[in-house]
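Reading through the structure tokens given below for one structure.
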Amino acid sequence: MDKLLIEGGSPLKGEVAISGAKNAALPILCAALLSKEPLHLTNLPDLNDVRTMLKLLAQMGVKVHRESANSVTLDGSTIDNPVAPYEMVKTMRAAILVLGPLVARVGDARVSLPGGCAIGARPVDQHIKGLQSMGAEVTVEHGYVHAKVPRLRGARLFTDMVTVTGTENLMMAACLADGETVIENAAREPEVVDLANCLVSMGAQISGAGTDVIRIRGVAQLHGATHRVMPDRIETGTYLCAAAATGGQIRLTGTSSCYLDSVIDKLMDAGCEITPEREAIRLQAPRRLTAVSLRTAPYPAFPTDMQAQFMAINCVANGTAVIRETIFENRYMHAVELARLGADIKIDGNTAVVRGVERLEGATVMATDLRASASLVIAGLVAQGETLVDRIYHLDRGYEHLDEKLARLGARVRRVR
Ligand code: EPZ
């Protein structure tokens, strides 16, 4: 099992390129199931989750032509096995995103329930409820969701809470349904918009993506297309936090600040100078950060996927920060690991009080989930001495070549087997 060995204390300096967005790429890969013609994708991030999704699609019958690490063509003309088996779904919850497209295209799908993960129970009841409203007969037996329908029919759907993959699953299903579907209380995340843009380029009729009401007029079939995956705003935010925490000065290319307003506001409140460019973003950190309180909520509010990274920078900031996590019920596992590095964090339910300390001391810590791992890396970059981050397979799921990119920014980091 790989580990990351980090020697803290070097401010990050220089420039790295940001990769394509994992949380846009995963639903967009599933969109290939909706068409008999090839879907060509570029700016695809080279991540374990992407490789897992490609394997999952291939075992269904999708032909995968990998032109490079960052581009692929998917041919969904033959789907002879509309099943997502437990062995694959348990390693990547986003596999639930094949459910909507399979029901729409084949009329019959068996997808293993994703099960919970470190950050929460992660139910998919809204995905199921929406498909049932569109006429699918859905049963949940032996850990599998089995959905059947000759053809989905358009419906007015209202999700009980904002759900990103729930919105994406139902939007994809609605593309081939008979009639119009309206999704109310839809997720407004930029990754939902990127998926909608890809679907529209395939011939789907979608309006309102990016707002909380999305209208989809079903069509008989979708055609092939070429789509460039949007930049990863969470990877962007993660490197901005790493530079902020280490008192550095960096430039991130192939990305933009337009999907990160809430995160940039907080970094500026913490004392950072941020300069957005057309396809890049620069950050100059202050000598010492000022603590910033935050509350996670659906887009465009502060993203839950940046909460752990901000907890890390608050550990060494001047002052006390109050963090409230309102999306997931158990997304503070990084706190106990940060405390091993000397952080002063008190957790009470979904609230964390972080009192900034002068410095952190290197230690061995264990990653528990993707963004928690990122926060431990950030803390290791500022801690005095050596930090060994264990179980970094979590990192490899969602960050492309993280150790190489950090090393290019001057971090003393090494991957040890
Ligand atoms: C997506 O997960 C992202 N994953 C997550 O990123 C992200 O943290 C999350 O959205 C919130 O922004 C992908 O896009 C692949 P939700 P998702 O459905 O769609 C509850 C990362 O680190 N809920 O928006 O699974 C749910 O339990 C990952 O990249 C139901 O109760 O999240 C949660 O409390 C982690 N029933 C809340 O809604 C449902 O049917 C929001 O979940 C669906 C969701």
In the chain, if the dipole is taken from +1 on Lys/Arg beta carbons and -1 on Asp/Glu beta carbons about the Cα centre, which of G208, A177, A243 is farthest to the positive end?
A243
R0 = 25 Å: FRET efficiency of Q284 with V357, Cβ-based, nearest 0.05?
0.60
Of the trypsin sites (Lys or Arg not before Pro) in segment 225-290, which ones lie in a loop per DSSP and count no more than 15 other C-beta atoms within 10 Å?
R278, R287, R288
Among Q384, V106, A285 - extreme Cα towards positive end, dipole of the chain, charges at beta-carbon
Q384
Hey, with R₀ at 35 Å, roughly what FRET efficiency would D344 and R251 work out to, going by the Cβ-Cβ distance, to 0.05?
0.60
Longest exposed-loop-site-free stretch of the chain, with GluC sites (Glu not before Pro), DSSP loop and at most 15 other Cβ within 10 Å?
1-278
Can you give the charge dipole size of the chain about its Cα centre, rounded to the nearest 20 debye, using +1 on the beta carbon of Lys and Arg and -1 on the beta carbon of Asp and Glu?
260 debye
Quick one: length gained pulling Q384 to T364 fully straight, 0.36 nm per residue minus the C-alpha distance?
5.9 nm
Distant alpha-carbon pairs in the chain (separation over 31 angstrom), percent
38 percent
Among the listed pairs K266/K346; K55/K405; K36/K148, those beyond 24 Å (Cα-Cα)
K55/K405
Using the Cα atoms of segment 215-370 to build a convex hull, what is its mean projected area in square nanometres?
11.7 nm²
About the Cα centre, charge dipole magnitude for segment 67-133 (Lys/Arg +1, Asp/Glu -1 at Cβ), debye:
340 debye
Difference of contour (0.36 nm per residue) and Cα-Cα distance, D269 to M161
35.9 nm
So, with points 7 Å from each Cα along the Cβ direction, the D212-A58 label distance in nm works out to 4.2 nm
Expected 222 nm ellipticity per residue - DSSP helices of 4 or more, -39500 (n - 2.57), all of the chain, to 500
-9000 deg cm²/dmol
Q221/K148 FRET efficiency (R0 22 Å; Cβ-Cβ; nearest 0.05)
0.65
Accessible carbon and sulfur surface of the chain relative to its total accessible area, %, 1.4 Å
49 percent
Among the DSSP beta bridges whose two residues both lie in the chain, what percent are antiparallel, rounded to the nearest 5?
70 percent
Out of all DSSP beta bridges in segment 36-145, what portion is antiparallel? Express it as a percent rounded to 5.
90 percent
Rounded Å value of the spacing that divides the Cα centres of segment 85-106 and segment 1-62
16 Å
Along the charge dipole of segment 11-134, which of A118, L41, S77 sits closest to the positive end, that is, farthest toward it, with unit charges on the beta carbon of Lys, Arg, Asp and Glu (+1, +1, -1, -1)?
A118
Between E329 and D80, the two model label points (7 Å from Cα along the beta-carbon direction) sit apart by a distance in nm of 4.3 nm
Separation in nanometres of the label points that stand 7 Å from Cα toward Cβ, at R228 and S201:
0.9 nm
Mean separation of Cα pairs under 8 Å and 6+ residues apart, divided by the residue count of the chain: what relative contact order is that in percent?
21 percent
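The values are calculated or read from the model by the stated rules, or taken from the named source; none is laboratory data. All values derive from a computational prediction rather than experimental measurement. Neighbour counts are summed over all protein chains in view; Cβ atoms, including those assigned to glycine, are modelled from backbone coordinates with ideal geometry. Side chains are part of the model used for accessible areas, which takes the heavy atoms of the whole protein and leaves out ligands, DNA and RNA. Shrake-Rupley method; radii C 1.70, N 1.55, O 1.52, S 1.80 Å.
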